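Chemist: The structure follows.
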Amino acid sequence: AQSVTQLGSHVSVSEGALVLLRCNYSSSVPPYLFWYVQYPNQGLQLLLKYTTGATLVKGINGFEAEFKKSETSFHLTKPSAHMSDAAEYFCAVTKARAGGYNKLIFGAGTRLAVHP
Amino acid sequence: DGGITQSPKYLFRKEGQNVTLSCEQNLNHDAMYWYRQDPGQGLRLIYYSQIVNDFQKGDIAEGYSVSREKKESFPLTVTSAQKNPTAFYLCASSIPLALAGGSNEQFFGPGTRLTVL
């Protein structure tokens, strides 16, 4: 069975500091991996996704993530935090399988706070 | 602009009442989903539908019902059998796996916050 673990339910950084949100997954087959962001009382917005090809994936708002198969990780980073980055972030995984319905499994989320 | 709309944004229900949450999409997506979000628990799948007139139970379907009579619409009814319905409900849709390269990227609506009084 697939699963996603996000280490740290709350992360706090200073404005301008590096943002690192951790995500580890479990999958018996090649995974497709996603990071979504959620602002208060809003839906989820896709930040970036890894399907195949380059393992370093760049997304919106300056975020990027690297797929590391050996470490079963897909950590999200941003070199310099901005106040507007304060939100909740969700990592998700699905199976890389052609045809049919591939269930999207979400982590519990990490709430990012950015201090002036 | 294409997107997913959910209504109402806030909904209050008395115990014992059934309520229906609306979800409409104009993205021409075949698949639609309903999730429940509780603090610290991420998103849990309630129901999903891959095509019109077909839907499947997710992980926490008890106390909920859905219909899929039109491609654009996937309403969720929270019945009185749902013992703890206070939560944030999110609707999502996705394009066919063959077109998305099998990624199952999902697009989300703005959500409905349901509170039981």
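Chemist: Every residue in the range A:26-50 that is touching a Phe, Trp or Tyr at 6+ places or on another chain (Cβ under 7 Å) and open to solvent by 20 Å² or more (accessible area, probe 1.4 Å), please.
Modeler: So the first thing to find is which residues in the range A:26-50 are touching a Phe, Trp or Tyr at 6+ places or on another chain (Cβ under 7 Å), and the list is A:31-33, A:35-38, A:43-50.
If the condition is that a residue be touching a Phe, Trp or Tyr at 6+ places or on another chain (Cβ under 7 Å) and open to solvent by 20 Å² or more (accessible area, probe 1.4 Å), then A:Y32, A:Q45, A:L46, A:K49, A:Y50 are the ones that fit.
Chemist: Do the conditions hold for A:A1, that is, is it more than 12 Å from the chain's Cα centre (by Cα) and either modelled with pLDDT of 95 or more or of a type in the set (A, V, I, L, M, F, W, C) (or both)?
Modeler: Here the answer is yes, as A:A1 does meet what is asked.
Yes/no per residue for (1) within 28 Å of A:A1 (Cβ to Cβ); (2) in contact with a strand residue (DSSP E or B) (Cβ under 6 Å, 6 or more places away or on another chain):
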residue	(1), (2)
A:L44	yes, yes
A:L48	yes, yes
A:A65	yes, yes
A:K68	yes, no
A:H75	yes, yes
A:F90	yes, yes
A:I105	yes, yes
A:H115	no, yes
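Chemist: If A:S73 satisfies all but one of (1) open to solvent by less than 30 Å² (accessible area, probe 1.4 Å); (2) of a type in the set (S, T, Y); (3) within 14 Å of chain B (Cβ to nearest Cβ), what's the number of the condition it fails?
Modeler: So A:S73 meets the others, but not (3).
Chemist: Do we have A:V19 as at pLDDT 95 or above, of a type in the set (A, V, I, L, M, F, W, C), farther than 26 Å from B:G109 by Cβ and over 13 Å from the mean Cα position of the chain (by Cα) here? Can you show your working first?
Modeler: Values: at pLDDT 95 or above: yes; of a type in the set (A, V, I, L, M, F, W, C): yes; farther than 26 Å from B:G109 by Cβ: yes; over 13 Å from the mean Cα position of the chain (by Cα): no.
For A:V19, the condition - at pLDDT 95 or above, of a type in the set (A, V, I, L, M, F, W, C), farther than 26 Å from B:G109 by Cβ and over 13 Å from the mean Cα position of the chain (by Cα) - is not met.
Chemist: Against the conditions (1) within 30 Å of B:R113 (Cβ to Cβ); (2) in a strand (DSSP E or B); (3) not aliphatic (A, V, I, L, M), where does A:Q42 fall short? Just the number, please.
Modeler: Going through the list (1) within 30 Å of B:R113 (Cβ to Cβ); (2) in a strand (DSSP E or B); (3) not aliphatic (A, V, I, L, M), A:Q42 breaks only (2).
Chemist: Continuing with the same structure: Could you pull out every one of the strands (runs of 3 or more DSSP E) wholly within the range B:34-109 that has 1 or more residues that are closer than 20 Å to B:P8 by Cα and within 14 Å of chain A (Cβ to nearest Cβ)?
Modeler: B:43-51, B:87-94
Chemist: Here is a further query. Could you tell me whether the range A:65-78 includes any residue that is assigned to a strand (DSSP E or B) and free of Cβ contacts under 8 Å to residues at least 12 places away in the same chain?
Modeler: Yes: one or more hits.
Chemist: Please enumerate the residues belonging to the range B:39-55 that are within 14 Å of the chain's Cα centre (by Cα) and of a type in the set (D, E, K, R).
Modeler: Within the range B:39-55, just B:R44 meets the criteria.
Chemist: Follow-up question, since we're still on this one. For the range B:29-54, how many residues are open to solvent by 50 Å² or more (accessible area, probe 1.4 Å), out of contact with any Asp or Glu (no Cβ under 8 Å at 6 or more places or on another chain) and within 25 Å of A:V37 (Cβ to Cβ)? Please lay out each step first, then the result.
Modeler: Pass one, the range B:29-54, residues open to solvent by 50 Å² or more (accessible area, probe 1.4 Å): B:30, B:39-41, B:44, B:50-54.
Add one more test, that the residue is out of contact with any Asp or Glu (no Cβ under 8 Å at 6 or more places or on another chain), and what stays is B:30, B:39-41, B:54.
Of the ones still in play, those that are also within 25 Å of A:V37 (Cβ to Cβ) are B:39-41.
Total meeting the criteria: 3.
Chemist: Same structure again: Which is in contact (Cβ under 8 Å) with a residue 12 or more places away in the chain, touching a Ser or Thr at 6+ places or on another chain (Cβ under 7 Å) and of a type in the set (V, I, T), of A:T55, A:T51, A:T5? Can you show your working first?
Modeler: Numbers: A:T55 fails: touching a Ser or Thr at 6+ places or on another chain (Cβ under 7 Å); A:T5 fails: touching a Ser or Thr at 6+ places or on another chain (Cβ under 7 Å).
Just a single option satisfies the conditions, and that option is A:T51.
Chemist: Taking the conditions exactly as written (modelled with pLDDT under 95, crowded, with 17+ Cβ neighbours inside 10 Å and touching a strand residue (DSSP E or B) at 6+ places or on another chain (Cβ under 7 Å)), does B:F107 satisfy them or not? Please lay out each step first, then the result.
Modeler: Numbers: modelled with pLDDT under 95: yes; crowded, with 17+ Cβ neighbours inside 10 Å: yes; touching a strand residue (DSSP E or B) at 6+ places or on another chain (Cβ under 7 Å): yes.
So B:F107 passes the test.
The values are calculated or read from the model by the stated rules, or taken from the named source; none is laboratory data. The structure presented is a predicted model; accordingly, all values stated were derived computationally and were not measured. So basically every Cβ, Gly included, is an ideal-geometry build from the backbone, and we count neighbours across all protein chains shown. For the accessible areas, the whole protein counts, side chains as well, though only heavy atoms, and no ligand, DNA or RNA atoms are used. Shrake-Rupley method; radii C 1.70, N 1.55, O 1.52, S 1.80 Å.
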